[in-house]
Amino acid sequence: MDIDIQVETEFLPQHSDLIRDYYAFAYHIRITNNDGEPVTLRNRYWEITDALGKHESAGGVGVVGEQPTLQPSGTFRYTSGVRLNAPWGKMSGKYEFETFKGERFWAEIPPFELRTPRVLQ
C-alpha cells in the first residue's frame, strides 16, 4: 500500500509555561492515499521522547475522534498536540489502515522534531 504522510510542527507559546517547563506543540498531519483502493485509518501509535530522555508511548482508535476513509488519491488532514517538559523532543509512530477487503497494514509516520524557537540540541 502506498500511503504518504507529511508532518509540520508548531510551538504554541500561548499554551506553554516556560517557568514551569511546560511546552506545548501542535503537529499538522497530511495523509494521502496513493494506492488504487480506498483505505480506512483504524488506529494510531506514537513514541514520544523529550530532551530530558523521558519516553512515553501513546495510541488509540483513529485520529482526533475519527476513523477517516481515504479514497484513491484522497487526502485527510488533521491537527493534534502534545505537551513536553523540555523545550524540544521528537515523535515517531505509525497508523494502522484497513482495506475494504478487510486486510490491515501499518504505515510508518516519519520521525519529526518538536522544538521551541532558538533551541540548541
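The values are calculated or read from the model by the stated rules, or taken from the named source; none is laboratory data. In this text, all values refer to a predicted model and were calculated from it rather than measured experimentally. Note that we place each Cβ from the backbone using ideal geometry, even for glycine, and neighbour counts take in every protein chain shown.
Looking only at residues in the range 86-121 that are within 19 Å of F76 (Cβ to Cβ) and small (G, A, S), which one is surrounded by the most Cβ atoms within 10 Å (Cβ to Cβ)?
Checking each candidate, the answer is G93.
For residues that are among the polar types (S, T, N, Q) and assigned to a loop (DSSP other than H, G, I, E, B), tally how many sit in the range 1-43. Walk me through it before giving the result.
Step one: filter the range 1-43 for residues among the polar types (S, T, N, Q), giving 6, 9, 14, 16, 32-34, 40, 43.
Next, from what is left, pick out any that are assigned to a loop (DSSP other than H, G, I, E, B): 16, 34.
Selection size over the range 1-43: 2.
Could you list, in sequence order, all residues of the range 44-66 that are under 19 Å from E108 (Cβ atoms) and not in a strand (DSSP E or B)?
Result: G62, single match.
Please go through the range 78-103 and give me each residue that is part of a strand (DSSP E or B) and either under 23 Å from P13 (Cα atoms) or at pLDDT below 95 (or both), ordered by number.
Restricting attention to the range 78-103, the residues satisfying the condition of being part of a strand (DSSP E or B) are 78-84, 88-99.
The answer is Y78, T79, S80, G81, V82, R83, L84, W88, G89, K90, M91, S92.
Looking at G81, G65, G89, which one is over 15 Å from I5 (Cα atoms), without any contact (Cβ under 8 Å) to a residue 40 or more places away in the chain and out of contact with any Cys (no Cβ under 7 Å at 6 or more places or on another chain)?
On the way: G81 fails: without any contact (Cβ under 8 Å) to a residue 40 or more places away in the chain; G89 fails: without any contact (Cβ under 8 Å) to a residue 40 or more places away in the chain.
Answer to the selection: G65.
Quick check on my filter: what residues within the range 9-62 are in contact (Cβ under 8 Å) with a residue 60 or more places away in the chain and of a type in the set (K, R)?
Once the filter is applied, which keeps residues that are in contact (Cβ under 8 Å) with a residue 60 or more places away in the chain and of a type in the set (K, R), the range 9-62 yields only R42.
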